[in-house]
Structure formats: C-alpha cells, structure tokens
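The values are calculated or read from the model by the stated rules, or taken from the named source; none is laboratory data. Bear in mind the structure is a predicted one, so any value in this text is a computation, not a measurement. Every residue, glycine among them, receives a Cβ derived from its backbone with ideal geometry; neighbour counts consider all protein chains shown.
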2 protein chains.
Amino acid sequence: MIDLSLIRDGGIGWLDASGPESTMVLSTRVRVARNLADHPFTGRNTSDDRLRILGSVLQAASETSTLNEALHFRMDRLDPIDRLVLFERHLASRELSCPEPERTPRVGAAVLAQDHYGVMVNEEDHLRVQAVFSGFDPAGAHAAVAALDSELGQRLAFAFHPEFGYLTACPTNVGTGLRASVLIHLPGLVLTKEITRVLQGLNQVGLTYRGWYGEGSEVIGNFFQLSNQTTLGQTEAELLDHLGKIVRKVMGYEEEARAVLRRDAPHVLEDKVWRAYGLLRYARALSFEEVMNLLSGVRLGVGIGLISDVGMYSLNRLLVFAQPGHLAAASGVAMEDPGLPSRRAAFVRRTLEREADRTERARGPDPEGGDV
Amino acid sequence: MIDLSLIRDGGIGWLDASGPESTMVLSTRVRVARNLADHPFTGRNTSDDRLRILGSVLQAASETSTLNEALHFRMDRLDPIDRLVLFERHLASRELSCPEPERTPRVGAAVLAQDHYGVMVNEEDHLRVQAVFSGFDPAGAHAAVAALDSELGQRLAFAFHPEFGYLTACPTNVGTGLRASVLIHLPGLVLTKEITRVLQGLNQVGLTYRGWYGEGSEVIGNFFQLSNQTTLGQTEAELLDHLGKIVRKVMGYEEEARAVLRRDAPHVLEDKVWRAYGLLRYARALSFEEVMNLLSGVRLGVGIGLISDVGMYSLNRLLVFAQPGHLAAASGVAMEDPGLPSRRAAFVRRTLEREADRTERARGPDPEGGDV
C-alpha cells in the first residue's frame, strides 16, 4: 500500500479550511494543460513515448522549487485500491488512475504531489499541472500554478502556437489551457429548489458544474464543482476574474437561500441539521452517499451557526477519509468487504465524539438546568 | 389545571420499572367491574342516579385503607386538557374522560387515584376498580385489587347473581368481572414479522390485544396490551393463571425473535437501535408517534444489552410525558400549539442528555483511543 502521509500535507492541505469562505467553498483548484512539443498526444503515442515524457517531467520537476521533494506514483504499477485512493484524493483523474479494478492504467501514467501542488503525467494531455487551495482563492491557486508552470516551462518545451496558445489534446483546453474550479457546498439552493435556475444561469455565462468526482460524476451531498467551460480567447486573468465574479454571485444566492430558510422554516431547518448530526453520531452502518448527505446537513448547521460542536477541518477530513477506497485502505480490508459501512460509521462516530469532547472542554461545564 | 403530583406516585408508580421483567413488560393491570345493586346501569340512569352513586363510592373509599387519601377528579368539571392527561395516564378510559374537546363527559363521571390504585366511577359500569403494577406481576396486581374490592364490597352493595356472578353492563364482563392485561413491548416479533402469527394464536386461547390507548386504539411503538377476552365461567385464579402462562409464552417468543435478529442481522439491528437513539438525542421536532417508534428502538437496544446509557425509568417516563396532553399541560400551551413537536424534542433531548451524563459519571473517563 502506498503511504500518502509521505506527501507533505498529503495533497489535501485544503482540509484545514484556512482559506477565505472555507465553510461554503471547500477548495479552489487551478490547473493548466500542457504537452511536450515533438511528442504525439497521449491518444496517439506509444508506451515508450510516454515513459520518455515521464522521465523528462520527473527530471524537470526535481529541479523546481515546488516539486523538488515530490513523491511520484506510477499508476500502472499500483494496486487498484491505491489508484482509487489517489482518485478519491483528487490527485489523479478517473482517466489517469482507472480506479475500477477491471481497468488498467496506461503505461507511464503517473502523479507527482507535494504540498498544494500536483502534476498528472500522461493523462489526456502530457501534463496537467494543478494547485489546490483551501476555500475560495482563485488568485492564490493561480499564482501557485503559474509559478510552477513557469519553472517547468523553462525546462520542458511545451507545444505552443502563436495564434491558438497552448496546444492540447482536446480543443476545449486550447488557449490558456487553464481551468479553474471551486468545490462549493450549496444546500440552501438545493433545499429551496433554486439550484436548477442557478445552474442554468451558469451555463449561460460560460461556466459548468460537475459532481464530487469531477467530469461525468453525480452531485452528492450538495457539493458542486463549478468551473470555466472554455480556455480559448481570453487571458488567464480574464478567465479567473470572470469565474471569481460568478462564484461570488452564487455564494450570494446561497446566502440568500439560507436566509429564506431561516426566516420561513427555522424549525424544519434546525431539525434537519440536528437529525443529520444525530445519525452521524450514532449510526452503526453508513454508506458513503449517506455520509455525504448527512455531512452536508451538519456543514449547513455549522455554516448558519446552529452547530458549534464540530470543526470544519474534521468535516472536511470525513469527506475524504470516509470514501470507500480511503476507508478500505486504512482498515486493510478489500473494497468489497461487507463490513465497510460499519467501519465507516465507527470512524465517523469517533471523529464526532472527539470533536464534541474537544468543544465541550473548551466551553467548560454546562450551567443550564430545567425540565418540561 | 389539575395537579397530578398530588396523587401519591401520580398513578404511574409502574414507571420505576421495579417489577419483574420490566424491560419487556411495562405494567400489569387488573381491574374488576362492579355495579351497585338497586341502581340502573350507566346507560339507563340519570344524572341524579350517577351523583348518588359517586357520593356512595367516595364515602366508601374514604373508609378503606388504600383509597383513604385518594384524590378524585370529576370529569364533567375538568378542562379538556386535564381529561386528556388522565386518559393518557391510563387513569380514565376514553369513555369516561372524553378526551376530545368536542365531547362532554357524563355528569358524575369521576376517577379516584392513590398509589397503584384507581377507581373509575360511572364508566360503563358504576365502578371499575383497578391496580397497576410495574412489570409482569398478575399476582401482585390481583391481590391489590382483591383487597380493595373486598374493602369496598363491605361498604357497598354490589349487584351479584348466584349463578352468573357479578352483573355488569356488558355481558363480556359478567362473572368475575375481572380483566387482567399486560402492556408488553414486542419489537422482535414485529421485526421478524412473527407478530401476526402470535396475535392470531392469542385469539385462539381466549386472549385479545389492544393498542397503546386501549380498546379500539392503534398499536404504536410495538407496545401491545394483552388481556383476557371473557370473564365468565372461570375463577379469578384460573383466569390469571391462564393469562400468566400465555404471556410467559409470548415473552419467550419475543426472546427467540431477538435472538434470531442478533444471530442473523446483528449489524442491522445495532444500526437500527443506535439510529433511534441518535435521532432522539438530536432531533428538534418530534411527533408523539415518532417518539414512540424511536423509544421502541432504544428500549430494544437496552433490552438486548446494546445500549446502557439510558435507564428504564427514563424510557418509561418519556412514554408518558411525551404524550400530547402531558406535554401541552406541562408547557402551559394549547393542544393545537404548533410548537409542540419542538417542545417534545427538547424534553426528550434533555432527558437523554441527563441520562448520558449520569451513566458517564458512573462509568468514569473513557480510556479508549485510536482512529481509522
């Protein structure tokens, strides 16, 4: 089994919720797509091509200031469960990691990771260079990616066209090759049923949404990945500025929806939120989907100040570590283990118990009394 | 508002769960039906008749050793909410108390109560004399009723026929006039779906079942009132002996069902039980029916040793005090108050929090640690 604790911050530094607006926005991710000139695109190249590309990237990365201590993982040499863990941690895409046991990653498919930074090698493009920051921080994530991209670009010859910009395997990535996305929690809009209108609106201004596991995945737990649709015809600054403005608007809509719920149905809302907490505290078997939905309820409760017994770091941590691959890997059991829902419930329970103990100790003894 | 705390043990001494098998059997009730000779039955008498009967009963009761300090309540002079409270406490039947606001109790309808003892006056029969004991205790409850019946019989001329025995308004009560019933909790038989067969079997051996609120009421929370169907042609001892044997069998079936569940679906069972506890601990709005169903889950958990954080007294107490009338009366709000489900949830929550604090203090600090 791979040991992700060897990566500084495990590639999930965003869990600490230290960034701006990190109760509503889990993370901001900026990535650029790059290809090496004079090498065929991934869909048309050979194993040897890909191994040469990987060799060049590893060499270049080791000379940068941000990936000089990066761990790297060869997807084609990992067990399915380890590939799943990297996929669940959003360090490797579905295409790169092939988290399904019956599929095999392509030779040379690899991930480099250090701190906020990650590089996928031999994905759809030769390189996908990304930075993930806590909360709503497009500028921070972009500056990080730009610095790393620049360091790599000094050592690798990226395919670039004076008119089209960076060339990519898929035309939607041509141009800046930049995609910025925020992982945002929108339970208020879902509860008020405003979400459909908001998502339709996104489409009209060049944004798109995806589910928890990215492209083609379902929305669970009211977590949406919002990102720009195209990368051509605008500068990186324009793209980020546009995305930032739209996401701010969505955050405003979500705040409004929460205010409406608190005004029109405060007891229903409170009940919903605390029932979610109660089930997480005491259930003995939980599917990942149910955990996501219940954590969504608790996160909403923390966001609107109803719940103070649990910190954002722990909520974020549960989202990652309650996933099937993480849970199976940490417990040393197979993915198909029928005891997984019990183990998940035990993990969730222990986490929330500790949080409650921690916050209770911080508060001191409860002076309240009284009965009906 | 009436103050039931003035009744010694509030007429609900059984809450303390001090009797035998009191985790599965909440209470045992034995009552006899009696009528005064030379007075028309309730269905045919006048207000004056009933007031004379009440006067005689109150006089006789004050001379007994068990009802000498009894409080008495005139149903026809009480507010609907107080009638509802007496009904919910099983001190007055639906017919006597008319707990629905649009109905009016008949003139002279009354209840006397002290410790385990209760007498309904001017119900279907002139007197219904009852004793309620904790747990499974037909002998105890019967001895108590027999003693009180004897004391009353020395002071009141009961209608008695040498061939038929005690005469009653309804032929099903003729003879001994005795009905014994146990309030029993059968979640195992409900979960394994064996309950239908068991209830059918009861019918064949002269027993019948009723719901939480007695005759004509629905079963909620898996609580069943099992009682003898007829009172003619057997001695009181035979009736009680028969009922006792059958109830013991039902208890055995319930134990078997629980054993099957623990063997075949331990995780499902555990999950069900703890989810119920979690919802009761944290929900912010609860209907009485939901509370009953969740308390049923928790009671099952305590019964099979999964839950130790809550005592049987508190579980019993919640069954009584979370009822709509009790809750509205204690909170000083109307029955129709839309905040009642919130108040109920708050009451349940505080009760279980205290129980958890109490048992935690008893246990001392938790030495356990570890994470996934």
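Applying a threshold of 7 Å to beta carbon distances and a minimum spacing of six or more residues, or different chains, the list of pairs starting in segment B:339-350 at a residue that is at the interface with chain A (Cβ under 7 Å from one of its Cβ atoms) and surrounded by 21 or more Cβ atoms within 10 Å (Cβ to Cβ) and ending at one that is assigned to a helix (DSSP H, G or I) and hydrophobic (A, V, I, L, M, F, W, C) reads B:Phe347/B:Phe321; B:Phe347/B:Leu327. For segment A:180-193, the criterion of a residue being small (Gly, Ala, Ser), assigned to a strand (DSSP E or B) and assigned by TED's automatic domain parsing to the domain that holds A:Ser93 is satisfied by at least one position. Can A:Arg106 be described as within 19 Å of A:Leu148 (Cβ to Cβ) and of a type in the set (Lys, Arg)? So A:Arg106 does not fit the description; no. Among residues of segment A:289-317 that are assigned by TED's automatic domain parsing to the domain that holds A:Leu327, those with a Cβ under 9 angstrom from a residue that is aromatic (Phe, Trp, Tyr) and not in a helix (DSSP H, G or I), sequence gap 6+ or separate chain, pair up as A:Met292/A:Trp212; A:Met292/A:Phe223; A:Ser296/A:Phe223.
Results for (1) without any contact (Cβ under 8 Å) to a residue 40 or more places away in the chain; (2) buried (at least 18 other Cβ atoms within 10 Å of the Cβ), shown as yes or no for each residue.
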site	(1), (2)
A:Arg197	yes, no
A:Gly201	yes, no
A:Gly206	yes, no
A:Phe224	no, yes
A:Ser227	no, yes
A:Gln234	no, no
A:Asp241	yes, no
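Inside segment B:39-55, residues that are farther than 14 Å from B:Asp125 by Cβ and in a helix (DSSP H, G or I) make up a count of 5. Name the single residue that is nearest to the other protein chains (Cβ to nearest Cβ) among those in segment B:280-313 being of a type in the set (Phe, Trp, Tyr) and either touching a Cys at 6+ places or on another chain (Cβ under 9 Å) or under 14 Å from B:Phe347 (Cβ atoms) (or both). Among residues in segment B:280-313 that are of a type in the set (Phe, Trp, Tyr) and either touching a Cys at 6+ places or on another chain (Cβ under 9 Å) or under 14 Å from B:Phe347 (Cβ atoms) (or both), the one nearest to the other protein chains (Cβ to nearest Cβ) is B:Tyr282. Listed here are the strands (runs of 3 or more DSSP E) enclosed by segment B:60-165 that have at least 2 residues being on the phi < 0 side of the Ramachandran plot and surrounded by 19 or more Cβ atoms within 10 Å (Cβ to Cβ): B:110-114, B:117-121, B:127-134. Within segment B:319-338, the set of residues being of a type outside the set (A, V, I, L, M) and surrounded by 16 or more Cβ atoms within 10 Å (Cβ to Cβ) comprises B:Phe321, B:Gln323, B:Pro324, B:Gly325, B:His326, B:Ser331. Residues that are more than 11 Å from chain A (Cβ to nearest Cβ) and of a type in the set (D, E, K, R) were ranked within segment B:257-279; the one that is nearest to A:Tyr282 (Cα to Cα) is B:Arg262. Taking the criterion of being under 30 Å from B:Ala237 (Cβ atoms) and in contact with a His (Cβ under 8 Å, 6 or more places away or on another chain), the residues of segment B:42-60 that qualify are B:Thr42, B:Ile53, B:Val57. Screening segment B:245-284 for residues that are small (Gly, Ala, Ser) and at pLDDT 95 or above and picking the one that is surrounded by the most Cβ atoms within 10 Å (Cβ to Cβ) gives B:Ala283.
Of the residues in segment B:357-368, none is in contact (Cβ under 8 Å) with a residue 40 or more places away in the chain, within 11 Å of another protein chain (Cβ to nearest Cβ) and of a type outside the set (Asp, Glu).
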